[in-house]
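The values are calculated or read from the model by the stated rules, or taken from the named source; none is laboratory data. If you're wondering where the values come from, they're calculated on a predicted model, not measured in any experiment. FYI the Cβ positions are ideal-geometry reconstructions off the backbone, even for glycines, and counts take in every protein chain you see. What goes into the accessible areas is simple: the full protein's heavy atoms, side chains included, and nothing from ligands, DNA or RNA. Shrake-Rupley method; radii C 1.70, N 1.55, O 1.52, S 1.80 Å.
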Amino acid sequence: RDVLLPLRLFRNKVANLGLGTQVIQWLILQGSFFVVSVYLQEVWKYNAIKTGLILTPATFGILAASAGADRFARRHPQRWLIIAGFLVTAVGMILLLALVRAHSGVWTWIPGLLLFGAGVGVMLTSSVNVVQSSFPDTDQGDISGLSRSVSNLGSSFGTALVGSVMVAVKLPEGKPFAVGLTTMLVIALIGLVIAVLIPRQP
């Protein structure tokens, strides 16, 4: 019988771990952006344009890291890049939680968002490479579609999850933001553990 995806695609340990990191990467990317956007618009009363400008450091970090992905891949193993990406992303989240307050300056966003973006940018391409390099050329079409679907799932789940957390946590000003971002931080650390479990390439 014809199937959308051969089940044998899910029997590859390295690919499964790589797909796990992909889900989490897109989950924390979309989830964290959602938390920041809601905070800026609800607490700081920013409009959509100002919110987008505040997010610029994260966007710059993603683009800069992505631009250097090829150079990084030549110098370091893909597994190492994914681990480093999760670590840098987690540090960025911690800086946001430590520096940003309801009445703090705009500059308090820059270090955390920049590191967050750089971390995500470093590991996104690496996770895809880990997944796709685990299969022969004949399976590239199937695994590419699966990889894209997993990324979309992570994006959708990230927004839904953090939105639910922020609605459920009805605390004083700023606390839903902290709880939502802390949730993303915990999930990022889970992603780090999954990345560590990826076998070293000989």
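Overview of values
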item	result
Within the stretch 116-139, considering residues that are modelled with pLDDT of 85 or more and polar (S, T, N, Q), the one most open to solvent (accessible area, probe 1.4 Å)	133
Unmet criterion (only one of (1) free of Cβ contacts under 8 Å to residues at least 12 places away in the same chain; (2) over 18 Å from the mean Cα position of the chain (by Cα)) for residue 16	(2)
Residue within the stretch 142-152 that is free of Cβ contacts under 8 Å to residues at least 60 places away in the same chain and out of contact with any helix residue (DSSP H, G or I) (no Cβ under 8 Å at 6 or more places or on another chain) present	yes
Residue check for residue 161: part of a helix (DSSP H, G or I), open to solvent by 30 Å² or more (accessible area, probe 1.4 Å) and either of a type in the set (A, V, I, L, M) or in contact with a helix residue (DSSP H, G or I) (Cβ under 7 Å, 6 or more places away or on another chain) (or both)	yes
Within the stretch 98-113, tally of residues that are surrounded by fewer than 21 Cβ atoms within 10 Å (Cβ to Cβ) and either of a type in the set (Gly, Ala, Ser) or within 14 Å of the chain's Cα centre (by Cα) (or both)	4
Sole exception among (1) open to solvent by 50 Å² or more (accessible area, probe 1.4 Å); (2) over 15 Å from residue 194 (Cα atoms) for residue 26, by number	(2)
Residues located in the stretch 9-23, provided they are part of a helix (DSSP H, G or I) and either among the basic types (Lys, Arg) or open to solvent by 10 Å² or more (accessible area, probe 1.4 Å) (or both)	10, 11, 13, 14, 16, 17, 19, 20, 23
Tabulated pairs, the stretch 87-99, first touching a residue at least 40 places away in the same chain (Cβ under 8 Å) and over 11 Å from residue 118 (Cα atoms), second of a type in the set (Gly, Ala, Ser) and surrounded by fewer than 24 Cβ atoms within 10 Å (Cβ to Cβ), C-beta under 7 angstrom, 6+ apart or interchain	97/178
Condition met for residue 134 (part of a helix (DSSP H, G or I) and either at positive phi or out of contact with any Asp or Glu (no Cβ under 8 Å at 6 or more places or on another chain) (or both))	no
Helices (runs of 4 or more DSSP H) completely within the stretch 43-124 that count 1 or more residues being of a type in the set (Val, Ile, Thr) and in contact with a helix residue (DSSP H, G or I) (Cβ under 6 Å, 6 or more places away or on another chain)	48-54, 56-67, 78-99
